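See below for the structure under consideration.
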Amino acid sequence: MRHQILILPFLSIILFTSCSELEKTPKYETNWPQVKIGMSKHEVVDLLGESYSKSEPGKVGYDPNNTLFENAVGAIIVKTILDDWWERWHYGKFELFENMFSPSDKAYVVYFDYQGKVVHLREPISDD
């Protein structure tokens with residue numbers, strides 16, 4: 001019986017600690033205001049943590065049946081529609097396929113240029 005009395009407070013502490021961890025604000029949300037244009041990927045990871053949803057810049061193929069102008073215009077349209085000009089990292093809670101073609105409205109998005117430097121930041125558009 002005495003062991004049960006000692007275990008009860010210990011279990012209460014574990015339960016309280018684990019519940020408080022669940023409500024903790026994510027690192028990417030807390031540190032988002034510190035991310036600045038020109039930062040390296042390493043600096044972003046230090047601040048926000050590793051992104052588990054990344055998108056490389058799109059590569060649009062050349063079609064020899066089209067003119068150079070048609071290929072260029074087609075590439076611009078596709079890259080613009082798919083928001084595919086830069087490498088981008090997404091942070092946040094969203095469904096698996098929400099980031100398939102373009103960033104989720106719920107995501108914090110960091111855009112990197114070809115040298116791995118931040119060129120653009122986007123906060124969530126919606127909180128749903």
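Say R0 is 41 Å: what FRET efficiency, to the nearest 0.05, do Ser102 and Lys24 get from their beta-carbon distance? Before the final figure, lay out the partial values.
Numbers: r = 29 Å, r/R0 = 0.71.
So, using R0 = 41 Å, E works out to roughly 0.90.
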Summing +1 per Lys or Arg and -1 per Asp or Glu among the other residues with Cβ less than 10 Å from Leu47's Cβ gives 0
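Just to verify a number: FRET efficiency for Asn31 and Thr67, C-beta to C-beta distance, R0 = 35 Å, to 0.05? Walk me through the intermediate numbers first.
Working: r = 48 Å, r/R0 = 1.36.
Efficiency at R0 = 35 Å is approximately 0.15.
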Pseudo-spin-label distance Tyr52 to His120, built 7 Å along Cα→Cβ, given in nm, is 2.6
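Just so you know, all these numbers are worked out from the coordinates, no wet-lab data involved. It should be emphasised that the depicted structure is a prediction, and the values quoted were computed from it without experimental measurement. Ideal geometry is used to build each Cβ from the backbone, glycine not excepted, and the neighbour counts take in all protein chains shown.
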